[in-house]
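Encoded as structure tokens, the structure appears first; notes follow it.
What follows is calculated from the coordinates using simple rules that are stated; it is not laboratory data. What you see is a predicted model, and the numbers here were worked out from it, not measured in a lab. Note: ideal-geometry Cβ built from the backbone for every residue, glycine included; neighbour counts use all protein chains shown.
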Amino acid sequence: MSRRVIRPVVGALALATLLVPLSTPAFADEIRDRQYWLADYGIEDAWDITRGAGVTIAIIDTGVDASHQDLEGTVRAGTDVSGIGAADGQAPVGPASEHGTMVASLAVGRGHDDDAGVIGSAPEATILSVSMSFQGATVPADEQIANAVTWAVDNGADVISLSLTRNTREWPVSWDKAFGYAEQNDVVVVAAAGNRSSGTEIVGAPATMPGVLTVGGVDRSGTASATASSQGITIGVMAPSEDLVGAYPGGSYAEWAGTSGATPIVAGIVALVRSAYPSMDAANVINRILATATPVTGAVPDPLYGYGLIDAYAAVSADVPLVRDNPLGSIAEWVVVYRRGDSDEVLYPLGPIEPPQLDPPTRIGEIPQESAAGPTDMIPLYMVAGLSAAMVLIVSVGAVTVFRVSRKPLD
């Protein structure tokens, strides 16, 4: 396989590529052809070493439609933390309910018919689907995230993928406990930097939290996206965030943009590293991702590009010296300095934070025709132009073109 590592022209402005409908019907093999990042970022080459078998990624999002032809067999377990979803986390819920399915497909999608449909960075990894809702839930969003992270750790997650933001640098104390619990249990947490066009000019939590691998976005030329990526000193690596395609609930596909898509691509690559080096701790997995990224400027880390462009093949094959500590810091150490007065018992609960009792789901696998933007507690990280930066908490939906796909029957 050939691999092209993109070296961007620093300072060049990325064109704002909002989603352009195809002029002809989209077939599943055309969807596969659109996944340029598989070759350009070393993912196909990395598959010669590992495809992520034995690794579990927790997708904390709006639920995953595991009946989609490209996601069949990917969900190992699931739950709901919103109070309005399905007990197994597989009912898309709330505004932007398609978001979780699209995110999951870029991490672990398996395609179908050998060479059709969406294939993720780690197609042999499995996922935990933790459904939450960005609006209309019976549980506050901050509490949903804390519950979700803790449940994921207790149910065997090796990697946690978070394509969301609070749009503020700060986070609640409950996140100290949950993310500290993940750190204590050697789980790699990957989070999206956010999108400028959604009002997130500067990276917000959880991407500002120590120890979290934050993912920024680049366009197809490898240049930092002017619209589909925020800027901040906590960015770890950059990955494609424009001209993406993903699985859509109900067997369809969508074209989209944003660090929501860049994040699961990287989460899948983290899974490849964990599969290739099963005894390696989280600190060294993260260090390997950072050390093998392709630098963009002379400053590493760079406030716009972090350590550089993700390189999956190098991440699983390069000779990287071991480190003692996570180069991105430690939430436990941060808490000692900035949350004085919290006891160790409070910081690290012995048991899980229990999710709420669930009612039967009221909707399963529906494709929303239109979702209205309004106040909420979290932001799913689509790239959408024209949203007001004055609204701190905004639902970002609508920048998705959906394709129904004709395909051969599955065996």
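Taking the number of Cβ atoms within 10 Å of each Cβ as an exposure proxy, the fewest-first ranking of 325, 45 is 325, 45. Taking Cβ atoms as reference points and 13 Å as the exclusive limit, the residues near residue 243 contribute a net charge of -3, counting Lys and Arg as +1 and Asp and Glu as -1. Amide H to amide H distances under 5 Å link residue 80 with 89, 131, where only residues 5 or more positions off or on other chains count and H is placed in the peptide plane. Summarised in one figure, the compactness ratio Rg/Rh of segment 256-309, Cα atoms and Kirkwood Rh, is 1.02. Database remark: amide H of residue 160 closer than 5 angstrom to the amide H of 58, 188, 189, 190 (H placed geometrically; neighbours at sequence offset of 5 or more, or on other chains; Pro and chain starts carry no H). Protection proxy ranking, highest mean first, for peptides 97-110, 156-169, 310-323: 97-110, 156-169, 310-323, where packing is the per-residue count of other beta-carbon atoms within 10 Å, averaged.
Determine, from the Cβ-Cβ distance of residue 33 and residue 72 and an R0 of 22 Å, the FRET efficiency 1/(1 + (r/R0)^6), rounded to the nearest 0.05. So, using R0 = 22 Å, E works out to roughly 0.55. For the peptides 207-220, 251-264, 174-187, the ranking by mean Cβ contacts within 10 Å, running from highest to lowest, is 251-264, 207-220, 174-187. Extending 7 Å from Cα along the Cβ direction at residue 318 and again at residue 168 yields two label points whose distance is 3.7 nm. Taking Lys and Arg as +1 and Asp and Glu as -1, the other residues whose beta-carbon sits under 14 Å from that of residue 105 total -3.
Taking amide H as placed 1.01 Å from N in the peptide plane, the amide H of residue 236 sits under 5 Å from that of 214, 215, 216, each at least 5 places away or on another chain. Label zone of residue 138 (point 7 Å out along Cα→Cβ, amide N under 15 Å): in segment 53-87 this covers 80-87.
Just to confirm the filter: which trypsin sites (Lys or Arg not before Pro) across segment 222-330 are DSSP coil and have at most 13 other Cβ within 10 angstrom of their Cβ?
Working: sites: 274, 288, 324; in loops: 324.
Answer in residue order: 324.
The Cβ shell under 14 Å around residue 274 holds other residues with a net charge of -2, Lys and Arg each +1, Asp and Glu each -1.
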